[in-house]
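K.L.:
I have a structure here, written as structure tokens, and I will follow up with some questions on it.
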Amino acid sequence: MSTAPLMPKATAVWLVENTALSFDQIAEFCKLHPLEVKAVADGDAAQGIKGLDPIQTGQLTRDEIEKGEGDANHKLKLADRRVRVPEQKTKRGPRYTPVSRRQDRPNAILWLIRNHPELKDSQIMRLVGTTKSTIQGIRDRTHWNAATLSPLDPVTLGLCSQIDLDLEVGRAAKEKPVPMDTGATLLPASVTTAPAMPEEEEVPAGGKPKDDMDVSAVFAKLKQIGGGKHEKDEDGE
């Protein structure tokens, strides 16, 4: 609820003409200086302003006026409105940039694109007060002055404050987190200092180790060789 009545000077004119309230009481209620109220009463101010009845507009009650007339120290209280009018939120437009700073905006846009790629075009527009076509031209290197642009911090240029920049960067980080580096990392010490484990011996399908199988094959081969030689000796006799 507003602390001052609607059309305070017109309300002060009506209270001066139709009540016995003091100048201080009217000034306190209308949020004016007592000398302004005195000038209204003397006809030196608010000439041609028609008085506005605060009782008809629902801003003041008759009982409240009577209390003020009976007690010079009583402060008038603004009556509660019967109808609540919602406050209209004005849409925040692009940031105004002084003429002397407008030539620095492309350099600031280039700085933001390179150092904070997570920022959206709408956020850059709010920070430096530019247009989407200008941002796209700088991204694509199709801007008319792209060859001579150099990245400059918009805070240093005075195009935005550090608080606004940090706020937009924080919002962008929440919506689009920066991916963590997934490159090669060092192995833990428990792995690099652990003793080498002996290699397990392969076991063939028969269930015997490879060494045992080789020994058996060697003895069988020798037996075959020895038996063949013995047969030859018998034939020779």
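K.L.:
Tell me the net charge near Val40. Cut-off is 15 Å between Cβ atoms, Val40 excluded, with +1 for each Lys or Arg and -1 for each Asp or Glu.
P.N.:
My count for the surroundings of Val40 gives -2.
K.L.:
While we're here: Figure the gain on full extension for Asp42 and Leu222 (residue separation times 0.36 nm, minus the Cα-Cα span) and round it to one decimal in nm.
P.N.:
Full extension from Asp42 to Leu222 adds 50.6 nm.
K.L.:
Okay, next question. Considering only Cα-Cα distances, which of the following residue pairs are longer than 18 Å: Lys9/Lys31; Lys38/Lys77; Lys50/Lys75?
P.N.:
Over 18 Å apart, Cα to Cα: Lys38/Lys77; Lys50/Lys75.
K.L.:
Would you please give the FRET efficiency between Lys67 and Glu28, computed as 1/(1 + (r/R0)^6) with r the Cβ-Cβ distance and R0 = 22 Å, to the nearest 0.05?
P.N.:
The calculated FRET efficiency here is 0.95.
K.L.:
Sticking with this one: Find out how many positive minus negative residues lie around Pro106, taking Lys and Arg as positive, Asp and Glu as negative, among other residues whose Cβ is under 15 Å from that of Pro106.
P.N.:
+3
K.L.:
Additional query: Let a ≥ b ≥ c be the square roots of the eigenvalues of the Cα gyration tensor of the stretch 99-175; is it rounded (a/c under 1.5), or, if not, prolate (a/b larger than b/c) or oblate?
P.N.:
Oblate shape, in that a/c is at least 1.5 and b/c is the bigger or equal ratio.
K.L.:
Also: Tell me, what ³J(HN,Hα) does each residue in the stretch 47-54 have, in order and in whole Hz, if you take phi through Karplus 6.51 cos²θ - 1.76 cosθ + 1.60 with θ = phi - 60° and put x for Gly and Pro?
P.N.:
6, x, 8, 7, x, 10, 6, x
Since every read-out is calculated from the coordinates, none of them should be taken as a lab result. In this text the structure is predicted, and so the values were computed from the model without any measurement. All Cβ positions, glycine included, derive from the backbone under ideal geometry; neighbour counts span all protein chains shown.
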